[in-house]
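Taking it in order: structure first as structure tokens, then the write-up.
The values are calculated or read from the model by the stated rules, or taken from the named source; none is laboratory data. Computed from a predicted model, the values in this text were never measured in an experiment. We place every Cβ from the backbone using ideal geometry, glycine too, and count neighbours over all the protein chains shown.
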């Protein structure tokens, strides 16, 4: 565990809308399996999942992960303590309506990707 004197500097979060688990892992200096575990432990952390259970995190989730990382690794909270602290400050969480909008957006992107793939296939067969 890191103490506050050994806190590492994290890179800035790029201006993208979605981040893969690998990108979030690098941005937050946390391994992907730890991110998947934290999804089970912190109800606020709910990345959008696409086909094949691929996770896509948004900027606010990357910031939440950095906050969780700080609570656990720098401030020395237990997972239970960090969960309680985050629940005491609900401003970190994202409203359910925003999550639904995100899921609709991801579904729309998937549908558009399928249309593009179909167009390419029909263009190749022509």
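Among all residues of region 33-48, there is none that is on the phi > 0 side of the Ramachandran plot, outside the structural domain of residue 107 (by TED's automatic domain parsing) and either at pLDDT below 95 or surrounded by 11 or more Cβ atoms within 10 Å (Cβ to Cβ) (or both). Filtering region 1-32 to residues that are in a helix (DSSP H, G or I) and either modelled with pLDDT of 90 or more or within 25 Å of residue 110 (Cα to Cα) (or both) leaves 21, 22, 23, 24, 25, 26, 27, 28, 32. How many of the residues making up region 102-126 are outside any helix (DSSP H, G or I) and surrounded by 10 or more Cβ atoms within 10 Å (Cβ to Cβ)? Adding up the residues that qualify gives 0.
A quick yes/no check of all residues on (1) outside the structural domain of residue 32 (by TED's automatic domain parsing); (2) modelled with pLDDT under 85; (3) touching a helix residue (DSSP H, G or I) at 6+ places or on another chain (Cβ under 8 Å):
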| site | (1), (2), (3) |
| --- | --- |
| 66 | no, no, yes |
| 72 | no, no, yes |
| 76 | no, no, no |
| 83 | no, no, yes |
| 87 | no, no, no |
| 103 | yes, yes, no |
| 107 | yes, yes, no |
| 115 | yes, no, no |
